[in-house]
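The values are calculated or read from the model by the stated rules, or taken from the named source; none is laboratory data. Please read these numbers as outputs of a predicted model, since none were measured by experiment. Cβ sites come from the backbone with ideal geometry, for glycine too, and all protein chains shown count toward neighbours. Side chains are part of the model used for accessible areas, which takes the heavy atoms of the whole protein and leaves out ligands, DNA and RNA. Shrake-Rupley method; radii C 1.70, N 1.55, O 1.52, S 1.80 Å.
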Amino acid sequence: MRGFLEFLNEGQVYEVLLVTRSNAAPVGVVRGGNRLFFKLFGGKSAKELREHPHASVQVTNDVELIVKLALNLPVELEFEDRGAHRWIRGLPGVYGPVMFTEEVHEDNLGKTSVLRCSLEPEGIIDGRLPPKPPSRADWHLLEMAVDFTRLGVALRNGKIEAAKKLRGRIVENYSSYLRFGGSSELAEIIRAALDENG
């Protein structure tokens with residue numbers, strides 16, 4: 001497992017895919033020694049890890065796939081299983097047991113339960129990524145998606161000022177996305193949803 005982890009600088013946040021028993025979702029992981037650390041703020045992945053603490057962490061350079069999974073949009077993926085673990089076919093990564101603690105987290109979006117998790121890899125998942133470097137537009141699309149999911153939380157919790165800031169950042173990233181040549185319909189979906197929600 002050391003080979004995979006050596007590609008990750010300690011302390012940096014990497015956007016990866018977390019695959020649990022029946023779900024796949026993007027998550028930010030940080031390498032600390034021989035473990036990967038991540039936090040889950042509710043959702044299906046957190047529920048499944050409580051019941052079945054095993055997961056896979058996989059890498060993709062397909063930012064649109066990350067965004068679609070973040071927004072719960074339809075995707076076509078093939079999965080493989082081995083014992084307690086499941087993963088997306090073709091994407092490199094690792095799998096292993098997950099340890100977690102649960103605590104209350106409070107920030108400018110409100111109070112929520114957070115699952116603090118760590119995974120120590122026990123196996124490697126073979127896969128190959130196409131030689132496609134991420135574009136500058138890709139990163140703005142990813143930031144749009146992250147802020148859009150946070151915007152929903154802010155609105156549900158009545159955090160008007162936080163929602164206003166998030167809306168502003170989404171609009172700024174949308175503008176930069178277009179400036180750097182982005183043309184994905186996902187950006188238009190997020191922008192249209194922003195208009196619909198006032």
In order over segment 40-50: 3J(HN,Hα) from phi, Karplus 6.51/-1.76/1.60, θ = phi - 60°, whole Hz, x for each Gly or Pro, gives 10, 9, x, x, 5, 4, 4, 4, 5, 5, 4
At the level of C-alpha centres, the distance separating segment 113-183 and segment 53-74, in angstrom, is 11
Among segment 31-49, those whose backbone N falls under 17 Å of a label point 7 Å along Cα→Cβ from SER113 are 39-49
With Cα coordinates, the longest principal axis of the chain makes an angle with the long axis of helix 160-179, in degrees rounded to 10, of 80
Looks like segment 136-197, by Cα gyration tensor root eigenvalues a ≥ b ≥ c and the a/c under 1.5 rounded cutoff (else prolate when a/b is bigger than b/c, oblate otherwise), is prolate
Burial-style ranking of 26-37, 60-71, 185-196, 4-15, average other-beta-carbon count within 10 Å with highest first, yields 60-71, 26-37, 185-196, 4-15
Given unit charges at Cβ for Lys, Arg (+) and Asp, Glu (-), the dipole magnitude of segment 125-190 about its Cα centre in debye, nearest 20, is 240
Surrounding charge for THR101, neighbours by C-beta under 12 angstrom, Lys/Arg +1, Asp/Glu -1, total +1
For segment 123-176, the per residue accessible area (1.4 Å probe, Å²) is 63
The set of residues whose placed amide H lies less than 5 Å from the amide H of ARG86, leaving out same-chain residues fewer than 5 positions away, is SER56
Rounded to 0.05, the calculated FRET efficiency for the beta carbons of GLU122 and VAL75 at R₀ = 45 Å is 0.95
Cβ-Cβ cut-off under 13 Å around ILE66, Lys and Arg +1, Asp and Glu -1: the net charge is -4
